[in-house]
Amino acid sequence: MSTRYAYLGPRGTFTEAALQAALRASGEDAGSELVASPTVGAALDAVRRGDARGAMVPLENSVEGSVSATLDELAFGAPLVIVRETQLPVTFELLARPGTELTDVRRVATHPHAEAQCRGWLAEHLPGARVLPASSTAAAAAAVADPAGTYDAAIAAPLAGAVYGLRSLASGIGDNTSAETRFVLVARPCEPAPATGADKTSLVLVIGQDHPGALLEILTEFAVRGINLTRIESRPTGGGIGDYFFSVDAEGHIDEARVGEALIGLHRICADVRYLGSYPRADGARPQLRRGVSDVEYAQAQAWLARIRDGRA
């Protein structure tokens, strides 16, 4: 029996490539069914309904920044947790139907983010071409594959060329060769995988009524325990101007003492704390812990306090 995973479609997107890479790494690719979803929300709702075991969605891009649709979908609705992250290099190709040459290209379809990341190449190699927006790079490739379509070429992921039978006229056309996108595999709430020593914990923090020092209070809970934040940003709750929540990625795992204590502290001072999972870092980087924040030192401090309370100190 196959295991179903949803992803932000259509077929041929970078998200599909990220899901394929994640399933290969975990050995789940052979028996898994991959189902394209039209939006991030639809992919996540498939998990909430139980129609899919997990959903792969984009979270942030090193050039364009965070994907607001994903941040908002994870912050509201029935809770979900991140169980894995994958970082994928963003490599764009100019794809066309067989028989098309670079000199034939006059109309190029692509997603606006992809156009922004290939602007320099387009100015140099296709200065007279008109670039037209598509809902995704894969949708652009599908439109070019249609013989009745009006596009000559698409800027898309290499996977899209194989999916839609297109020929690559140029590869590696992105202006930033180090660009990458971070994707997350999301599931229904479950016990996190054991800590690896190179983990992240993701949270949504709602401050409630705004007041001086509100953000400082949140940051202090992390700072005093030696927890580094790899990402923090504010998003509107929809409740009115000035009403925000914070989306946070922190180094460490919920099973580690310093992270667990930070969550307890945040629960005391925030109007709401949504736990979005503890999972292995894609880059495998381990945090550099300062003196006093390791699990051993937390245990020693707890034992010292117990002796004082028992009158044994």
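Values for this structure:
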quantity: Helix 295-309 axis, angle to the chain major axis (alpha carbon atoms, nearest 10°); calculated: 20 degrees
quantity: Hydrodynamic radius by Kirkwood, which averages 1/r over all alpha carbon pairs of region 58-172, in angstrom; calculated: 15.2 Å
quantity: Gyration tensor verdict on region 1-42 (Cα atoms; rounded if a/c is under 1.5, prolate if a/b is larger than b/c, oblate otherwise); calculated: oblate
quantity: Förster-model FRET efficiency, 22 Å R0, LEU219 and ILE241, C-beta, rounded to 0.05; calculated: 0.45
quantity: Environment charge of PHE183, counting only residues whose C-beta is closer than 11 Å and scoring Lys/Arg +1, Asp/Glu -1; calculated: -2
quantity: Against the rule of thumb 2.2 N^0.38 Å, how large the Cα Rg of region 212-313 comes out; calculated: 1.27
quantity: At R0 = 30 Å, FRET efficiency that the Cβ-Cβ distance of PHE76 and ASP283 yields, to 0.05; calculated: 0.55
quantity: Exposure proxy order (Cβ contacts within 10 Å, fewest to most) of CYS118, CYS270, CYS190; calculated: CYS190, CYS270, CYS118
quantity: Global geometry of region 1-92, whether rounded, prolate or oblate, following the gyration tensor of its Cα atoms and the 1.5 cut on a/c; calculated: oblate
quantity: Spherically averaged projected area of region 86-133 from its Cα convex hull (nm²); calculated: 4.1 nm²
quantity: Shape category assigned to region 183-241 from the gyration tensor of Cα positions, a/c cut at 1.5; calculated: oblate
quantity: Where only C-alpha atoms are counted, convex hull volume of the chain per residue in Å³; calculated: 171 Å³
quantity: Length added when fully stretched, LEU132-ASP272, from 0.36 nm per residue minus Cα-Cα; calculated: 46.2 nm
quantity: Added length on full extension, which subtracts the Cα-Cα distance from 0.36 nm per residue, ARG167 to SER68; calculated: 32.4 nm
quantity: Gaussian network model of the chain, springs between alpha carbon atoms under 10 Å - residue of ARG11, ARG182, ARG130 with greatest fluctuation; calculated: ARG130
quantity: Sites ASP210 and THR150 - FRET efficiency at Förster radius 35 Å, r taken between beta-carbons, to 0.05; calculated: 0.10
quantity: Estimated 222 nm signal from helices in the chain, with DSSP H stretches of n ≥ 4 weighted -39500 (n - 2.57), rounded to 500; calculated: -9000 deg cm²/dmol
quantity: Cα→Cβ-extended label distance, 7 Å offset, between HIS125 and TRP304, nm; calculated: 6.2 nm
quantity: Counted charge near ASP283, where neighbours are those whose Cβ lies closer than 14 Å (Asp, Glu -1; Lys, Arg +1); calculated: 0
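Read-outs throughout are calculated quantities, based only on the coordinates presented, and are distinct from any laboratory measurement. Quantities reported herein were computed from a predicted structural model and do not represent experimental measurements. FYI the Cβ positions are ideal-geometry reconstructions off the backbone, even for glycines, and counts take in every protein chain you see.
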